[in-house]
Amino acid sequence: MGLSCPAVHVDHCRTAGRVPGVLCFNCNSAIGLLGEIPNTVRRAAAYLEGNSWKPTLVAPGVYQLPS
C-alpha cells in the first residue's frame, strides 16, 4: 500500500483469525493506530483530501459543517 515501502508485514485479524493481506510497516501501523475502524480511516482520508471542513449549502446563506 505504501508508495515506496515494501509490503513485508502480514496483516492479521485477531478476532476472525484470518490474514486479509500484506502491508508495509507504515500502513500496518496506521491502520492499527486508527483502531481498525473503517469509518475512522474514511474520516482520516477525507481530512487528508481536504474534504473535512468543506461546508454544505443547505439554504441561501446557510451552511452546514460536516460532523
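Averaged per residue, what accessible surface does the chain expose to a 1.4 Å probe, in Å²? It would help to have the intermediate numbers written out before the result.
On the way: 5570 Å² over 67 residues.
Here the per-residue accessible area is 83 Å².
Explain nothing, just compute: Karplus ³J(HN,Hα) = 6.51 cos²θ - 1.76 cosθ + 1.60, θ = phi - 60°, for every residue of region 34-45 in order, whole Hz, x for Gly and Pro.
Running phi through 6.51 cos²θ - 1.76 cosθ + 1.60 with θ = phi - 60° gives 7, x, 6, 9, x, 5, 5, 5, 4, 5, 5, 5 Hz.
Whole-Å semi-axes of the chain's equivalent ellipsoid, largest first, each the root of 5 times a Cα gyration tensor eigenvalue?
On the way: eigenvalues 234, 41, 10 Å².
After scaling each eigenvalue by five and taking roots: 34, 14, 7 Å.
Per the helix-only calculation at 222 nm, which mean residue ellipticity applies to the chain, given -39500 (n - 2.57) for every DSSP H run of n ≥ 4 and division by its residues, nearest 500 deg cm²/dmol? Write out the running numbers ahead of the final one.
Values: 2 runs with 20 residues, N = 67.
Mean residue ellipticity at 222 nm (helix-derived): -9000 deg cm²/dmol.
Beta carbons within 10 angstrom, averaged per residue: use that to sort the peptides 41-51, 25-35, highest first.
The packing order, highest mean first, is 25-35, 41-51.
Can you compute the modelled spin-label distance between TYR47 and PHE25, with each label point 7 Å from Cα toward Cβ, in nm?
2.4
The values are calculated or read from the model by the stated rules, or taken from the named source; none is laboratory data. Note that the coordinates shown come from a computational prediction; the quantities given were computed from them, not determined experimentally. Glycine also receives a Cβ, built like all others from the backbone with ideal geometry; neighbour counts cover every protein chain displayed. SASA here: full protein model, heavy atoms, side chains in, ligands and nucleic acids out. Shrake-Rupley method; radii C 1.70, N 1.55, O 1.52, S 1.80 Å.
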